[in-house]
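The values are calculated or read from the model by the stated rules, or taken from the named source; none is laboratory data. A quick note: this is a predicted structure, and the numbers were derived from the prediction, not measured. Cβ placement follows ideal geometry from the backbone for every residue including glycine, while neighbour counts extend to all protein chains displayed.
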Amino acid sequence: MTFVQLIEYETNRAQELDAVFDQWMKTTKGKRTVMRELHAQDREQPGHFVDIVEFPSYQKAMENSQLPETQQIADQMRKLCVNEPRFVNLEVEREEGFTRT
């Protein structure tokens, strides 16, 4: 099964952070192990964000974490956030697919 990491953070510099994420996407092309990423902003709390990042496995997530580019983005992210980002590491135990009707 897959591995999912939730990254929860607050920033008042969202556009700068978006530019950092865009740069990471460019510099890690062909190296990163991320399968899918969702970037969401809390509707009730402006400036509060949650990123949902999916990997094929915990091991692949750790490989991604060790990339120098990932280390760099983590440092830049911390500087642009109001407080320390919160990371939640989840082993997916069950996954369902639904069709829209």
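When GLN76 is tested against (1) closer than 18 Å to PHE3 by Cβ; (2) of a type outside the set (A, V, I, L, M); (3) surrounded by 15 or more Cβ atoms within 10 Å (Cβ to Cβ), only condition (1) is not met. Of all the listed residues (ARG32, ARG13), the sole one being at negative phi, of a type in the set (D, E, K, R), at pLDDT 95 or above and touching a Cys at 6+ places or on another chain (Cβ under 9 Å) is ARG13. Considering (1) hydrophobic (A, V, I, L, M, F, W, C); (2) surrounded by 14 or more Cβ atoms within 10 Å (Cβ to Cβ); (3) touching a Ser or Thr at 6+ places or on another chain (Cβ under 9 Å), the lone condition that VAL82 does not fulfil carries the number (2). Exactly one residue out of ALA74, ALA40, ALA19, ALA14 is in contact (Cβ under 8 Å) with a residue 24 or more places away in the chain and among the small types (Gly, Ala, Ser), and it is ALA14.
For GLU63, indicate whether it is part of a strand (DSSP E or B) and touching a Ser or Thr at 6+ places or on another chain (Cβ under 6 Å). Answer is no for this residue. Filtering region 46-70 to residues that are under 22 Å from LEU90 (Cβ atoms) and free of Cβ contacts under 8 Å to residues at least 12 places away in the same chain leaves GLN59, MET62, SER65, GLN66. The number of residues in region 28-56 being surrounded by 16 or more Cβ atoms within 10 Å (Cβ to Cβ) and over 23 Å from MET1 (Cβ atoms) comes to 2.
State the number of residues belonging to region 11-60 that are among the basic types (Lys, Arg) and in a loop (DSSP other than H, G, I, E, B).
Of region 11-60, the ones among the basic types (Lys, Arg) are 13, 26, 29, 31-32, 36, 43, 60.
The next check asks that each one be in a loop (DSSP other than H, G, I, E, B); those that pass are 13, 29, 31-32, 43.
Residues meeting the conditions: 5.
Give region 66-91 a look and list any residue that's under 14 Å from the mean Cα position of the chain (by Cα) and assigned to a strand (DSSP E or B), or say none. Residues satisfying the conditions are ARG86, PHE87, VAL88, ASN89, LEU90.
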